Number of protein chains: 2
Amino acid sequence: MARSEKKTAVRKAAAADEGNRRAELIRAAGRLFVDKGFDATTIRDIADAVGMRSGSPFYHFKSKQDMLKAVMIEGLTAALEAQQAAVAGLKDPEEKFRALVRSHLRIILEDHTEFPVLLYEWRALSDESRAEVIAVKDRYEAVWQPVLRELKKAGRIADDGKVARLLLFGALNWVVQWYRPGGGSSIEQIAERAIELFLCGKTDKR
Amino acid sequence: MARSEKKTAVRKAAAADEGNRRAELIRAAGRLFVDKGFDATTIRDIADAVGMRSGSPFYHFKSKQDMLKAVMIEGLTAALEAQQAAVAGLKDPEEKFRALVRSHLRIILEDHTEFPVLLYEWRALSDESRAEVIAVKDRYEAVWQPVLRELKKAGRIADDGKVARLLLFGALNWVVQWYRPGGGSSIEQIAERAIELFLCGKTDKR
DNA sequence: CCTACCGATCGGTAGG
DNA sequence: CCTACCGATCGGTAGG
(Lines give C-alpha, C1' and ligand atoms only; values in the text may rest on other atoms or scores of the structure.)
Protein backbone atom coordinates (compact mmCIF):
# COMPACT_ATOMS: atom_id res chain seq x y z
CA MET A 1 0.00 0.00 0.00
CA ALA A 2 2.69 2.43 1.02
CA ARG A 3 4.52 1.54 -2.10
CA SER A 4 1.62 2.10 -4.46
CA GLU A 5 0.80 5.39 -2.74
CA LYS A 6 4.31 6.52 -3.33
CA LYS A 7 4.16 5.43 -6.92
CA THR A 8 0.95 7.40 -7.46
CA ALA A 9 2.48 10.48 -5.87
CA VAL A 10 5.50 10.23 -8.09
CA ARG A 11 3.34 9.78 -11.13
CA LYS A 12 1.25 12.81 -10.19
CA ALA A 13 4.31 14.96 -9.64
CA ALA A 14 5.71 13.87 -12.96
CA ALA A 15 2.43 14.65 -14.68
CA ALA A 16 2.35 18.10 -13.10
CA ASP A 17 5.90 18.72 -14.21
CA GLU A 18 5.10 17.70 -17.72
CA GLY A 19 2.11 19.98 -17.70
CA ASN A 20 4.29 22.85 -16.51
CA ARG A 21 6.85 22.34 -19.23
CA ARG A 22 4.08 22.13 -21.77
CA ALA A 23 2.56 25.34 -20.48
CA GLU A 24 5.96 27.02 -20.59
CA LEU A 25 6.38 25.98 -24.19
CA ILE A 26 2.96 27.36 -25.09
CA ARG A 27 3.73 30.67 -23.45
CA ALA A 28 7.15 30.99 -25.08
CA ALA A 29 5.81 29.94 -28.48
CA GLY A 30 2.94 32.40 -28.14
CA ARG A 31 5.25 35.29 -27.48
CA LEU A 32 7.51 34.37 -30.38
CA PHE A 33 4.60 33.84 -32.76
CA VAL A 34 3.26 37.27 -31.86
CA ASP A 35 6.63 38.95 -32.31
CA LYS A 36 8.07 37.20 -35.34
CA GLY A 37 5.18 35.32 -36.87
CA PHE A 38 4.61 31.59 -37.02
CA ASP A 39 6.70 30.84 -40.10
CA ALA A 40 9.61 32.99 -38.99
CA THR A 41 9.74 31.29 -35.59
CA THR A 42 11.77 28.10 -35.47
CA ILE A 43 11.45 25.21 -33.11
CA ARG A 44 14.98 26.08 -32.03
CA ASP A 45 13.83 29.59 -31.01
CA ILE A 46 11.11 28.12 -28.87
CA ALA A 47 13.37 25.49 -27.33
CA ASP A 48 15.97 28.15 -26.52
CA ALA A 49 13.37 30.31 -24.84
CA VAL A 50 12.59 27.61 -22.30
CA GLY A 51 16.11 26.18 -22.04
CA MET A 52 15.58 22.99 -24.00
CA ARG A 53 17.49 21.42 -26.87
CA SER A 54 16.04 21.66 -30.32
CA GLY A 55 14.56 18.17 -30.45
CA SER A 56 12.85 18.27 -27.09
CA PRO A 57 9.70 20.25 -27.83
CA PHE A 58 8.60 17.27 -29.90
CA TYR A 59 8.33 15.29 -26.71
CA HIS A 60 5.43 17.59 -25.77
CA PHE A 61 3.94 18.35 -29.18
CA LYS A 62 3.91 16.14 -32.19
CA SER A 63 4.49 19.00 -34.63
CA LYS A 64 4.91 22.75 -34.94
CA GLN A 65 1.34 22.92 -36.21
CA ASP A 66 0.24 21.27 -33.02
CA MET A 67 1.95 23.97 -30.98
CA LEU A 68 0.17 26.65 -32.97
CA LYS A 69 -3.18 25.07 -32.27
CA ALA A 70 -2.37 24.77 -28.58
CA VAL A 71 -1.30 28.41 -28.42
CA MET A 72 -4.51 29.58 -30.03
CA ILE A 73 -6.77 27.50 -27.85
CA GLU A 74 -4.91 28.64 -24.77
CA GLY A 75 -5.32 32.27 -25.80
CA LEU A 76 -8.99 31.85 -26.57
CA THR A 77 -9.72 30.07 -23.34
CA ALA A 78 -8.07 32.81 -21.30
CA ALA A 79 -10.00 35.41 -23.28
CA LEU A 80 -13.27 33.61 -22.72
CA GLU A 81 -12.73 33.55 -18.97
CA ALA A 82 -11.69 37.21 -18.81
CA GLN A 83 -14.75 38.14 -20.78
CA GLN A 84 -17.16 36.23 -18.60
CA ALA A 85 -15.64 37.79 -15.50
CA ALA A 86 -15.97 41.25 -17.07
CA VAL A 87 -19.72 41.09 -17.68
CA ALA A 88 -20.61 39.06 -14.60
CA GLY A 89 -23.31 40.80 -12.60
CA LEU A 90 -23.92 43.59 -15.13
CA LYS A 91 -27.48 44.23 -16.24
CA ASP A 92 -27.55 47.31 -18.41
CA PRO A 93 -26.73 46.42 -22.03
CA GLU A 94 -24.62 49.53 -22.51
CA GLU A 95 -22.58 48.74 -19.44
CA LYS A 96 -22.13 45.19 -20.66
CA PHE A 97 -21.01 46.47 -24.02
CA ARG A 98 -18.49 48.82 -22.49
CA ALA A 99 -17.14 46.00 -20.36
CA LEU A 100 -16.80 43.71 -23.37
CA VAL A 101 -14.95 46.30 -25.42
CA ARG A 102 -12.55 47.05 -22.58
CA SER A 103 -11.98 43.38 -21.85
CA HIS A 104 -11.36 42.60 -25.50
CA LEU A 105 -8.82 45.37 -25.90
CA ARG A 106 -7.00 44.32 -22.76
CA ILE A 107 -6.80 40.74 -23.94
CA ILE A 108 -5.46 41.83 -27.28
CA LEU A 109 -3.01 44.44 -26.12
CA GLU A 110 -1.59 43.32 -22.82
CA ASP A 111 1.45 41.40 -23.84
CA HIS A 112 1.13 38.36 -21.65
CA THR A 113 -1.59 36.89 -23.83
CA GLU A 114 -1.29 34.54 -26.75
CA PHE A 115 -4.54 35.82 -28.20
CA PRO A 116 -3.12 37.95 -31.03
CA VAL A 117 -1.63 34.84 -32.61
CA LEU A 118 -5.19 33.90 -33.39
CA LEU A 119 -5.68 37.09 -35.32
CA TYR A 120 -2.64 36.87 -37.53
CA GLU A 121 -1.77 33.23 -38.00
CA TRP A 122 -5.15 31.97 -39.02
CA ARG A 123 -3.76 31.13 -42.43
CA ALA A 124 -0.92 29.06 -41.00
CA LEU A 125 -3.38 26.72 -39.30
CA SER A 126 -4.10 23.38 -40.92
CA ASP A 127 -7.68 22.63 -41.87
CA GLU A 128 -8.13 20.10 -39.11
CA SER A 129 -6.76 22.39 -36.42
CA ARG A 130 -8.86 25.22 -37.74
CA ALA A 131 -12.09 23.40 -37.07
CA GLU A 132 -11.13 22.90 -33.43
CA VAL A 133 -10.15 26.51 -32.97
CA ILE A 134 -13.30 27.80 -34.64
CA ALA A 135 -15.41 25.95 -32.12
CA VAL A 136 -13.85 27.88 -29.23
CA LYS A 137 -13.84 31.14 -31.19
CA ASP A 138 -17.58 30.84 -31.79
CA ARG A 139 -18.16 30.54 -28.06
CA TYR A 140 -16.21 33.75 -27.56
CA GLU A 141 -18.14 35.69 -30.16
CA ALA A 142 -21.45 34.31 -28.97
CA VAL A 143 -21.17 36.38 -25.79
CA TRP A 144 -21.44 39.59 -27.83
CA GLN A 145 -24.54 38.63 -29.75
CA PRO A 146 -27.27 39.15 -27.12
CA VAL A 147 -25.64 42.36 -25.94
CA LEU A 148 -25.69 43.79 -29.45
CA ARG A 149 -29.28 42.72 -29.91
CA GLU A 150 -30.32 44.58 -26.78
CA LEU A 151 -28.43 47.67 -27.93
CA LYS A 152 -30.22 47.50 -31.26
CA LYS A 153 -33.58 47.26 -29.51
CA ALA A 154 -32.68 50.27 -27.40
CA GLY A 155 -31.77 52.15 -30.56
CA ARG A 156 -28.16 52.61 -29.55
CA ILE A 157 -26.64 50.94 -32.57
CA ALA A 158 -27.90 50.98 -36.14
CA ASP A 159 -27.55 47.28 -36.82
CA ASP A 160 -26.73 44.08 -34.97
CA GLY A 161 -26.27 41.86 -38.01
CA LYS A 162 -23.26 39.78 -38.92
CA VAL A 163 -21.57 42.44 -41.01
CA ALA A 164 -21.92 45.10 -38.33
CA ARG A 165 -20.47 42.71 -35.76
CA LEU A 166 -17.51 41.90 -37.97
CA LEU A 167 -16.84 45.57 -38.67
CA LEU A 168 -16.84 46.15 -34.93
CA PHE A 169 -14.42 43.30 -34.26
CA GLY A 170 -12.27 44.61 -37.07
CA ALA A 171 -11.93 48.05 -35.55
CA LEU A 172 -10.93 46.47 -32.23
CA ASN A 173 -8.67 43.72 -33.55
CA TRP A 174 -6.83 46.06 -35.84
CA VAL A 175 -5.58 47.95 -32.82
CA VAL A 176 -2.85 45.33 -32.36
CA GLN A 177 -1.32 46.69 -35.54
CA TRP A 178 -0.73 50.20 -34.27
CA TYR A 179 -0.95 50.23 -30.48
CA ARG A 180 2.34 50.75 -28.66
CA PRO A 181 2.45 50.54 -24.85
CA GLY A 182 3.37 53.92 -23.47
CA GLY A 183 2.52 55.53 -26.80
CA GLY A 184 0.00 58.25 -27.55
CA SER A 185 -3.11 56.52 -26.18
CA SER A 186 -3.77 54.18 -23.29
CA ILE A 187 -5.92 51.08 -23.62
CA GLU A 188 -8.67 52.82 -21.66
CA GLN A 189 -8.59 55.85 -23.93
CA ILE A 190 -8.82 53.70 -27.02
CA ALA A 191 -11.72 51.81 -25.47
CA GLU A 192 -13.53 55.10 -24.86
CA ARG A 193 -13.07 56.24 -28.46
CA ALA A 194 -14.29 52.91 -29.75
CA ILE A 195 -17.39 52.95 -27.58
CA GLU A 196 -18.09 56.51 -28.67
CA LEU A 197 -17.72 55.46 -32.30
CA PHE A 198 -20.08 52.52 -32.06
CA LEU A 199 -22.71 54.05 -29.80
CA CYS A 200 -22.73 57.32 -31.57
CA GLY A 201 -26.47 57.98 -31.42
CA LYS A 202 -25.94 58.12 -27.69
CA THR A 203 -25.67 61.61 -26.25
CA ASP A 204 -28.12 63.32 -28.59
CA LYS A 205 -31.26 61.44 -27.64
CA ARG A 206 -33.22 64.34 -26.23
CA MET B 1 21.72 57.14 -88.44
CA ALA B 2 19.60 54.21 -89.49
CA ARG B 3 21.80 51.99 -87.43
CA SER B 4 21.67 54.08 -84.28
CA GLU B 5 17.90 54.47 -84.67
CA LYS B 6 17.58 50.75 -84.86
CA LYS B 7 19.80 50.31 -81.88
CA THR B 8 17.70 52.75 -79.89
CA ALA B 9 14.53 50.97 -80.91
CA VAL B 10 15.96 47.65 -79.89
CA ARG B 11 17.12 49.09 -76.60
CA LYS B 12 13.66 50.54 -75.97
CA ALA B 13 11.94 47.29 -76.81
CA ALA B 14 14.29 45.44 -74.51
CA ALA B 15 13.64 47.93 -71.71
CA ALA B 16 9.90 47.56 -72.20
CA ASP B 17 10.24 43.80 -72.15
CA GLU B 18 12.21 43.92 -68.96
CA GLY B 19 9.61 46.20 -67.47
CA ASN B 20 6.89 43.76 -68.48
CA ARG B 21 8.65 40.81 -66.94
CA ARG B 22 9.22 42.80 -63.80
CA ALA B 23 5.57 43.79 -63.68
CA GLU B 24 4.56 40.16 -64.22
CA LEU B 25 6.75 39.10 -61.34
CA ILE B 26 5.22 41.73 -59.07
CA ARG B 27 1.72 40.64 -59.96
CA ALA B 28 2.46 36.94 -59.47
CA ALA B 29 4.31 37.57 -56.24
CA GLY B 30 1.48 39.76 -54.98
CA ARG B 31 -1.09 37.07 -55.59
CA LEU B 32 1.04 34.43 -53.89
CA PHE B 33 1.85 36.66 -50.92
CA VAL B 34 -1.85 37.33 -50.43
CA ASP B 35 -2.77 33.66 -50.68
CA LYS B 36 0.05 31.94 -48.81
CA GLY B 37 1.87 34.69 -46.99
CA PHE B 38 5.32 36.09 -47.64
CA ASP B 39 7.31 33.50 -45.68
CA ALA B 40 5.40 30.57 -47.07
CA THR B 41 5.91 31.73 -50.65
CA THR B 42 9.18 30.63 -52.23
CA ILE B 43 11.09 32.23 -55.02
CA ARG B 44 10.46 29.01 -56.89
CA ASP B 45 6.69 29.49 -56.55
CA ILE B 46 6.98 32.95 -58.02
CA ALA B 47 9.28 31.87 -60.82
CA ASP B 48 6.94 28.99 -61.71
CA ALA B 49 3.98 31.35 -61.86
CA VAL B 50 5.58 33.38 -64.63
CA GLY B 51 7.38 30.49 -66.35
CA MET B 52 10.91 31.25 -65.21
CA ARG B 53 13.59 29.11 -63.60
CA SER B 54 14.23 29.51 -59.92
CA GLY B 55 17.30 31.72 -60.22
CA SER B 56 15.88 34.16 -62.73
CA PRO B 57 13.77 36.44 -60.55
CA PHE B 58 17.05 37.64 -59.09
CA TYR B 59 17.84 39.20 -62.43
CA HIS B 60 14.93 41.59 -61.76
CA PHE B 61 15.09 41.93 -57.99
CA LYS B 62 18.11 41.72 -55.80
CA SER B 63 16.31 39.85 -53.02
CA LYS B 64 12.97 38.46 -51.90
CA GLN B 65 12.66 41.43 -49.56
CA ASP B 66 13.01 43.69 -52.55
CA MET B 67 10.11 41.97 -54.26
CA LEU B 68 7.98 42.46 -51.19
CA LYS B 69 8.71 46.17 -51.18
CA ALA B 70 7.94 46.44 -54.89
CA VAL B 71 4.65 44.60 -54.42
CA MET B 72 3.58 46.91 -51.62
CA ILE B 73 4.50 50.10 -53.43
CA GLU B 74 2.72 48.87 -56.55
CA GLY B 75 -0.41 48.13 -54.52
CA LEU B 76 -0.31 51.47 -52.76
CA THR B 77 0.21 53.41 -55.96
CA ALA B 78 -2.76 51.75 -57.62
CA ALA B 79 -4.85 52.42 -54.52
CA LEU B 80 -3.83 56.06 -54.46
CA GLU B 81 -4.90 56.54 -58.06
CA ALA B 82 -8.21 54.75 -57.59
CA GLN B 83 -8.91 56.88 -54.56
CA GLN B 84 -8.18 60.15 -56.28
CA ALA B 85 -10.43 59.17 -59.18
CA ALA B 86 -13.19 58.25 -56.74
CA VAL B 87 -13.40 61.64 -55.02
CA ALA B 88 -12.62 63.76 -58.07
CA GLY B 89 -15.31 66.38 -58.57
CA LEU B 90 -17.17 65.63 -55.34
CA LYS B 91 -17.96 68.53 -53.04
CA ASP B 92 -20.15 67.30 -50.21
CA PRO B 93 -18.04 65.79 -47.41
CA GLU B 94 -20.48 62.96 -46.84
CA GLU B 95 -20.42 62.05 -50.51
CA LYS B 96 -16.63 62.15 -50.47
CA PHE B 97 -16.58 59.93 -47.43
CA ARG B 98 -18.91 57.39 -49.01
CA ALA B 99 -16.75 57.37 -52.12
CA LEU B 100 -13.60 56.81 -50.08
CA VAL B 101 -15.09 53.92 -48.14
CA ARG B 102 -16.34 52.24 -51.28
CA SER B 103 -13.06 52.78 -53.09
CA HIS B 104 -11.05 51.43 -50.17
CA LEU B 105 -13.15 48.29 -49.91
CA ARG B 106 -12.91 47.66 -53.61
CA ILE B 107 -9.16 48.01 -53.54
CA ILE B 108 -8.89 45.62 -50.64
CA LEU B 109 -11.36 43.01 -51.82
CA GLU B 110 -11.16 42.82 -55.58
CA ASP B 111 -8.58 40.14 -56.10
CA HIS B 112 -6.47 41.71 -58.78
CA THR B 113 -4.80 44.05 -56.31
CA GLU B 114 -1.62 43.56 -54.36
CA PHE B 115 -2.84 45.93 -51.67
CA PRO B 116 -3.72 43.36 -48.99
CA VAL B 117 -0.07 42.29 -48.83
CA LEU B 118 0.52 45.65 -47.24
CA LEU B 119 -1.93 44.84 -44.48
CA TYR B 120 -0.57 41.47 -43.49
CA GLU B 121 3.11 41.38 -44.28
CA TRP B 122 4.12 44.59 -42.60
CA ARG B 123 6.20 42.62 -40.16
CA ALA B 124 8.12 40.84 -42.91
CA LEU B 125 9.38 44.14 -44.28
CA SER B 126 12.93 45.18 -43.43
CA ASP B 127 13.38 48.47 -41.61
CA GLU B 128 14.81 50.21 -44.66
CA SER B 129 12.01 49.08 -46.96
CA ARG B 130 9.48 50.01 -44.34
CA ALA B 131 10.47 53.67 -44.41
CA GLU B 132 9.93 53.82 -48.16
CA VAL B 133 6.55 52.16 -47.95
CA ILE B 134 5.41 54.37 -45.10
CA ALA B 135 6.02 57.45 -47.21
CA VAL B 136 3.53 56.27 -49.83
CA LYS B 137 1.12 54.99 -47.20
CA ASP B 138 1.02 58.40 -45.56
CA ARG B 139 0.02 59.99 -48.84
CA TYR B 140 -2.85 57.51 -49.08
CA GLU B 141 -4.12 58.19 -45.59
CA ALA B 142 -3.70 61.93 -45.98
CA VAL B 143 -6.62 62.00 -48.41
CA TRP B 144 -8.99 60.96 -45.62
CA GLN B 145 -7.93 63.58 -43.13
CA PRO B 146 -9.67 66.72 -44.52
CA VAL B 147 -12.81 64.71 -45.27
CA LEU B 148 -13.02 63.51 -41.69
CA ARG B 149 -12.41 67.02 -40.40
CA GLU B 150 -15.31 68.36 -42.44
CA LEU B 151 -17.56 65.56 -41.19
CA LYS B 152 -16.58 66.41 -37.64
CA LYS B 153 -17.44 70.07 -38.22
CA ALA B 154 -20.79 69.06 -39.65
CA GLY B 155 -21.41 66.93 -36.56
CA ARG B 156 -21.61 63.70 -38.53
CA ILE B 157 -18.85 61.89 -36.68
CA ALA B 158 -17.93 62.16 -33.03
CA ASP B 159 -14.20 62.50 -33.48
CA ASP B 160 -11.68 62.98 -36.25
CA GLY B 161 -8.56 62.29 -34.22
CA LYS B 162 -5.88 59.72 -34.89
CA VAL B 163 -7.45 56.97 -32.81
CA ALA B 164 -10.84 57.38 -34.45
CA ARG B 165 -9.23 57.25 -37.87
CA LEU B 166 -7.32 54.10 -37.03
CA LEU B 167 -10.43 52.41 -35.65
CA LEU B 168 -12.17 53.25 -38.90
CA PHE B 169 -9.37 51.84 -41.02
CA GLY B 170 -9.36 48.79 -38.80
CA ALA B 171 -13.02 48.05 -39.41
CA LEU B 172 -12.46 48.34 -43.17
CA ASN B 173 -9.14 46.55 -43.42
CA TRP B 174 -10.32 43.66 -41.31
CA VAL B 175 -12.87 42.85 -43.97
CA VAL B 176 -10.16 41.02 -45.95
CA GLN B 177 -10.19 38.45 -43.19
CA TRP B 178 -13.78 37.39 -43.61
CA TYR B 179 -15.06 38.57 -46.98
CA ARG B 180 -15.63 35.86 -49.56
CA PRO B 181 -16.65 36.80 -53.11
CA GLY B 182 -20.12 35.50 -53.80
CA GLY B 183 -20.69 35.03 -50.07
CA GLY B 184 -23.35 36.56 -47.85
CA SER B 185 -22.64 40.22 -48.57
CA SER B 186 -21.48 42.16 -51.58
CA ILE B 187 -18.79 44.82 -51.41
CA GLU B 188 -21.46 47.49 -51.86
CA GLN B 189 -23.55 46.09 -49.03
CA ILE B 190 -20.58 46.03 -46.70
CA ALA B 191 -19.73 49.59 -47.66
CA GLU B 192 -23.28 50.66 -46.80
CA ARG B 193 -23.13 49.01 -43.37
CA ALA B 194 -19.78 50.62 -42.67
CA ILE B 195 -20.97 54.08 -43.64
CA GLU B 196 -24.06 53.60 -41.50
CA LEU B 197 -21.87 52.56 -38.59
CA PHE B 198 -19.54 55.52 -38.82
CA LEU B 199 -22.09 58.20 -39.64
CA CYS B 200 -24.56 56.98 -37.14
CA GLY B 201 -25.83 60.37 -35.95
CA LYS B 202 -27.14 60.76 -39.47
CA THR B 203 -30.81 59.96 -39.92
CA ASP B 204 -32.07 61.13 -36.54
CA LYS B 205 -31.14 64.78 -36.78
CA ARG B 206 -34.58 66.21 -36.67
C1' DC C 1 14.36 15.22 -22.09
C1' DC C 2 19.37 15.01 -24.76
C1' DT C 3 22.56 13.54 -28.58
C1' DA C 4 23.25 13.08 -33.04
C1' DC C 5 21.55 13.21 -37.18
C1' DC C 6 18.80 13.23 -41.77
C1' DG C 7 16.35 14.67 -45.83
C1' DA C 8 14.35 18.46 -47.81
C1' DT C 9 14.07 22.98 -48.95
C1' DC C 10 15.30 27.63 -49.44
C1' DG C 11 17.44 32.19 -50.76
C1' DG C 12 20.90 33.39 -53.41
C1' DT C 13 25.10 33.26 -56.73
C1' DA C 14 28.65 32.38 -60.56
C1' DG C 15 29.31 31.95 -65.11
C1' DG C 16 27.61 31.88 -69.30
C1' DC D 1 17.38 34.73 -68.52
C1' DC D 2 19.21 29.47 -67.76
C1' DT D 3 22.28 25.84 -65.66
C1' DA D 4 24.27 24.15 -61.92
C1' DC D 5 25.23 24.66 -57.57
C1' DC D 6 26.21 26.05 -52.51
C1' DG D 7 25.78 26.97 -47.68
C1' DA D 8 22.52 27.40 -44.27
C1' DT D 9 18.63 26.26 -41.98
C1' DC D 10 14.63 23.84 -40.70
C1' DG D 11 11.14 20.38 -39.03
C1' DG D 12 11.38 16.18 -37.39
C1' DT D 13 13.21 11.41 -35.71
C1' DA D 14 15.81 7.32 -33.57
C1' DG D 15 17.76 5.65 -29.75
C1' DG D 16 18.91 6.20 -25.40
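The values are calculated or read from the model by the stated rules, or taken from the named source; none is laboratory data. Predicted model, so just to flag it, every value in this text is computed and none were measured. Backbone-built Cβ (ideal geometry, glycine too); neighbour counts: all protein chains shown. Just the protein is used for accessible areas: all its heavy atoms, side chains included, with ligands, DNA and RNA removed. Shrake-Rupley method; radii C 1.70, N 1.55, O 1.52, S 1.80 Å.
Remarks
- Carbon + sulfur, % of accessible area of chain B - ligands and nucleic acids excluded, 1.4 Å: 50 percent
- Computed from phi, the 3J(HN,Hα) profile of the range A:64-78 under the Karplus parametrisation 6.51, -1.76, 1.60 (θ = phi - 60°) reads 5, 3, 4, 5, 4, 4, 4, 4, 5, 5, 4, x, 5, 5, 4 Hz, with x in place of Gly and Pro.
- For the peptide A:191-198, the mean number of other protein chain Cβ atoms found within 10 angstrom of a residue's Cβ is 5.
- When +1 charges are put on Lys and Arg Cβ atoms and -1 charges on Asp and Glu Cβ atoms, the dipole computed for the protein assembly as shown relative to its Cα centre reaches about 20 debye.
- As a length-normalised measure over Cα pairs under 8 Å and 6 or more apart, the relative contact order of chain B settles at 21 percent.
- Derived scalar couplings ³J(HN,Hα) [the range A:136-147; Karplus, 6.51 cos²θ - 1.76 cosθ + 1.60; whole Hz; x for Gly, Pro]: 6, 4, 4, 5, 5, 5, 4, 5, 6, 3, x, 5
- Between B and A, roughly 3000 Å² of accessible area is buried in total, ligands, DNA and RNA not counted and the probe set to 1.4 Å.
- For A:R123, label point 7 Å along C-beta direction: distances to other copies, nm: 1.2
- For the protein assembly as shown: rounded, prolate or oblate by the Cα gyration tensor [a/c cutoff 1.5]: oblate
- The simple Förster model, with R0 at 60 Å and r as the Cβ-Cβ distance, assigns B:D66 and A:D92 a FRET efficiency of 0.65.
- MRE, 222 nm, helices only [DSSP H, n ≥ 4, -39500 (n - 2.57), over chain A, to nearest 500]: -23000 deg cm²/dmol
- Ranked from shortest, the separations from the 7 Å Cα-to-Cβ label point of B:P181 to its equivalents in the other copies are 4.2 nm.
- Legend: residues in the range A:38-71 shielded by at least 40 square angstrom of accessible surface upon adding the remaining protein chains to the isolated chain (1.4 Å probe, heavy atoms) are A:D39.
- Reported to the nearest whole Å, the Cα centre-to-centre distance from the range A:133-180 to the range A:20-44 is 28.
- Within straight-line cross-link reach of A:K91, aspartates and glutamates at Cα separation under 18 Å, skipping those fewer than 8 residues along the same chain: A:E150
- Förster radius 56 Å - calculated FRET efficiency between A:E18 and B:V176 (Cβ-Cβ, nearest 0.05): 0.90
- Given A:K36/A:K62; B:K36/B:K69; A:K69/B:K69; A:K62/A:K162, the pairs whose alpha carbons are separated by over 25 Å: A:K69/B:K69; A:K62/A:K162
- The mean accessible area for residues of the protein assembly as shown, using a 1.4 Å probe and ignoring ligands and nucleic acids, is 53 Å² per residue.
- Against chain A, whose longest principal axis is taken from its Cα atoms, helix A:187-198 shows a tilt of about 50°.
- Between helix B:162-173 and chain B: long-axis angle, C-alpha atoms, 0 to 90°, nearest 10: 60 degrees
- Exam field: B:R165 pseudo-label spacings to other copies (7 Å along Cα-Cβ), nanometres: 3.2
- Dimensionless Rg over Rh [the range A:63-206; C-alpha; Kirkwood]: 0.98
- Projecting label points 7 angstrom from Cα along Cα→Cβ for B:S186 and A:K162 puts them 1.7 nm apart.
- Mean per-residue shielding of peptide A:156-169 is 5, counting Cβ atoms of other chains within 10 Å of each Cβ.
- FRET efficiency estimate (nearest 0.05) - Cβ-Cβ, A:A85 to B:D127, R0 51 angstrom: 0.80
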